[in-house]
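Down below is the structure, laid out as structure tokens.
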Amino acid sequence: NAGVTQTPKFQVLKTGQSMTLQCAQDMNHNSMYWYRQDPGMGLRLIYYSASEGTTDKGEVPNGYNVSRLNKREFSLRLESAAPSQTSVYFCASSEQVAYGYTFGSGTRLTVV
Amino acid sequence: EDKVVQSPLSLVVHEGDTVTLNCSYEVTNFRSLLWYKQEKKAPTFLFMLTSSGIEKKSGRLSSILDKKELFSILNITATQTGDSAVYLCAAVPSSNTGKLIFGQGTTLQVKP
């Protein structure tokens with residue numbers, strides 16, 4: 001019963017470095033999402049993928065790119081990390097959004 | 001612009017107290033509202049509310065939706081230290097994109 005698996009759990013980057021956050025789900029869900037969570041801001045949508053082969057921008061896409069590699073995997077890439085991207089990142093998936101998401105355990109990213 | 005606003009943003013109570021958390025929303029083509037509890041890691045699902053005036057209940061937690069006044073409340077009776085968490089509400093639009101609109105969250109601390 002893995003659900004949604006995110007890696008890594010923690011990461012420290014220097015400004016300008018790049019990295020990819022990995023997310024995989026084993027529930028055969030069509031839709032997958034990347035959110036960031038900052039104090040006092042709640043969860044803000046970065047990118048989402050309604051189905052395999054499609055991706056769309058969310059509320060805060062600048063500085064990020066995504067790849068829906070297959071139905072299971074949805075990765076988030078920071079090409080040139082900035083301190084403003086210090087945050088906790090959550091991947092989520094859903095089959096029917098009315099029933100909510102299943103979240104991964106999060107990645108705490110610090111950019112120095 | 002669709003938005004969800006939670007209040008208060010933070011709350012400190014003592015064990016045994018009753019608390020009420022508020023969530024108001026302005027969402028085009030509203031479909032349902034979700035409540036999540038977030039402890040150290042990923043948010044976990046509490047309730048889904050679709051119809052006005054029908055209380056959902058799980059143990060000491062209960063929630064209700066008012067679609068006329070566009071708000072929901074989450075009540076926790078006889079609070080325990082294990083209730084300490086961030087409580088998130090999220091609105092579900094009718095569109096099929098699967099995007100949830102989250103509030104900022106209410107941080108609840110229950111002291112012994």
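Worth a mention:
- Scan of region B:6-26 for residues that are among the aliphatic types (A, V, I, L, M) and either surrounded by 15 or more Cβ atoms within 10 Å (Cβ to Cβ) or not in a strand (DSSP E or B) (or both), ordered by number: B:LEU9, B:LEU11, B:VAL13, B:VAL19, B:LEU21
- Within region A:26-45, the set of residues being touching a residue at least 40 places away in the same chain (Cβ under 8 Å), closer than 29 Å to B:LEU108 by Cβ and either in contact with a Lys or Arg (Cβ under 7 Å, 6 or more places away or on another chain) or not in a strand (DSSP E or B) (or both) comprises A:TYR35, A:ARG36.
Matching residues to (1) within 14 Å of chain B (Cβ to nearest Cβ); (2) closer than 24 Å to B:ALA90 by Cα; (3) of a type in the set (S, T, N, Q); (4) out of contact with any helix residue (DSSP H, G or I) (no Cβ under 6 Å at 6 or more places or on another chain):
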| position | (1), (2), (3), (4) |
| --- | --- |
| A:CYS23 | yes, yes, no, yes |
| A:ASN30 | yes, yes, yes, yes |
| A:SER49 | yes, yes, yes, yes |
| A:ASP56 | yes, yes, no, yes |
| A:SER67 | no, no, yes, yes |
| A:ALA81 | no, no, no, yes |
| A:SER94 | yes, yes, yes, yes |
| A:THR102 | yes, yes, yes, yes |
| A:ARG108 | yes, yes, no, yes |
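- Region B:62-88, residues that are within 29 Å of A:THR107 (Cα to Cα), more than 10 Å from the chain's Cα centre (by Cα) and crowded, with 18+ Cβ neighbours inside 10 Å: B:ASP83, B:ALA85
- Residue within region B:27-45 that is under 29 Å from A:TYR89 (Cα atoms), away from every other protein chain (no Cβ under 14 Å) and either over 13 Å from the mean Cα position of the chain (by Cα) or surrounded by fewer than 18 Cβ atoms within 10 Å (Cβ to Cβ) (or both) present: yes
- Any hit, region A:29-42, residues being within 21 Å of B:LEU34 (Cβ to Cβ) and exposed (fewer than 14 other Cβ atoms within 10 Å of the Cβ): yes
- Within region A:61-112, the residues that satisfy the criterion of being touching an Asp or Glu at 6+ places or on another chain (Cβ under 9 Å) and more than 18 Å from A:SER49 (Cα to Cα) are A:THR86, A:SER87, A:VAL88.
- Some residue of region A:88-111 being among the basic types (Lys, Arg) and over 27 Å from B:VAL86 (Cα atoms): no
- Residue identified as modelled with pLDDT under 90 and under 25 Å from B:SER95 (Cβ atoms) among B:SER52, B:SER24: B:SER52
- Looking only at region B:52-97, residues that are away from chain A (no Cβ under 14 Å), β-branched (Val, Ile, Thr) and outside any loop (DSSP other than H, G, I, E, B) come to 4 in all.
The values are calculated or read from the model by the stated rules, or taken from the named source; none is laboratory data. As the structure is a prediction and not an experimental result, all values here were calculated from the model. Ideal geometry is used to build each Cβ from the backbone, glycine not excepted, and the neighbour counts take in all protein chains shown.
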